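Before any comments, here is the structure.
The values are calculated or read from the model by the stated rules, or taken from the named source; none is laboratory data. A quick note: this is a predicted structure, and the numbers were derived from the prediction, not measured. In this analysis, Cβ positions are derived from the backbone assuming ideal geometry, glycine residues included, and neighbour counts consider all displayed protein chains.
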Amino acid sequence: MPRGIATGRGRGGRRPRLRRPVVLVGMMGAGKTAVGRVLAQRLGVPFRDSDAAIEDAAQASIAEIFARDGEAFFRDREAEVLRRLLAGPPAVISTGGGAFMAERNREAIARDGVAVWLDVDLDTLWERVRHKDTRPLLRTADPRETLAALFAARVPVYRLAPVHVRSEPGFSVEDTAGAALAALAAVPGLLEAER
């Protein structure tokens, strides 16, 4: 790994400057929010959580929005918020697990930012989400099977992301953020050394 990549600091202890937003995509439980916070800190840019922005605007939780207004309504709000975040200054943006499934969102991310897929195996995802009741898509008779079906359907689409970061079992949030930073350093024109 090149010197300075793991800490996000280049020569002279300076951070590289992010030129476009970085958008973290992947399954629920992949660690997009936790890794995103660390990655943003290492890059010296704001962290934005699209789900939190939707909740703030709606004054309701994601689960409440799904129950009250339905998934289609939520997906429209998600696309609006994502476009707004992408139009802002460079930042690390965490998205909900379904955001990257919509072609309009993939196109917006490709145009204005760069997508990073946080790839986590199904067993690890299940261990992370099984005791949480904040996942409306898992409110089914067999949430493990529902998660497996979502995983099977979504992984082929996540593979379209130009940057792929595998979070291996045993990786800490910091390890995954370091791997993401190293992968981003290989994207031409994304990080610019500060002078």
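Please work out if S94 is in contact (Cβ under 8 Å) with a residue 60 or more places away in the chain and more than 16 Å from the chain's Cα centre (by Cα).
It is false that S94 is in contact (Cβ under 8 Å) with a residue 60 or more places away in the chain and more than 16 Å from the chain's Cα centre (by Cα).
Quick check on this structure: which one of T140, T146 is among the hydroxyl-bearing types (S, T, Y), more than 24 Å from P162 (Cβ to Cβ), modelled with pLDDT under 95 and exposed (fewer than 15 other Cβ atoms within 10 Å of the Cβ)?
T140
Any idea which residue in the stretch 60-80 is farthest from R106 (Cα to Cα), counting only those that are touching a helix residue (DSSP H, G or I) at 6+ places or on another chain (Cβ under 6 Å) and free of Cβ contacts under 8 Å to residues at least 24 places away in the same chain?
Applying the filter and picking the extreme gives I65.
How about the stretch 81-195: which helices (runs of 4 or more DSSP H) wholly inside it have at least 3 residues that are touching a helix residue (DSSP H, G or I) at 6+ places or on another chain (Cβ under 9 Å) and either of a type in the set (S, T, Y) or closer than 26 Å to I65 by Cβ (or both)?
103-112, 122-129, 143-158
How about the stretch 20-38: which of its residues are more than 11 Å from the chain's Cα centre (by Cα) and either modelled with pLDDT under 95 or of a type in the set (A, V, I, L, M, F, W, C) (or both)?
V38
Out of the stretch 156-187, which residues are free of Cβ contacts under 8 Å to residues at least 24 places away in the same chain and either touching a Cys at 6+ places or on another chain (Cβ under 9 Å) or more than 21 Å from L39 (Cβ to Cβ) (or both)?
Hit for the stretch 156-187 is P156, nothing else.
Does the stretch 65-86 contain at least one residue that is within 27 Å of S172 (Cβ to Cβ), under 16 Å from the mean Cα position of the chain (by Cα) and either modelled with pLDDT of 95 or more or among the acidic types (D, E) (or both)?
yes
Quick one: in the stretch 21-74, of everything that is over 21 Å from F151 (Cα atoms) and aromatic (F, W, Y), which residue is surrounded by the most Cβ atoms within 10 Å (Cβ to Cβ)?
So the residue we want is F47.
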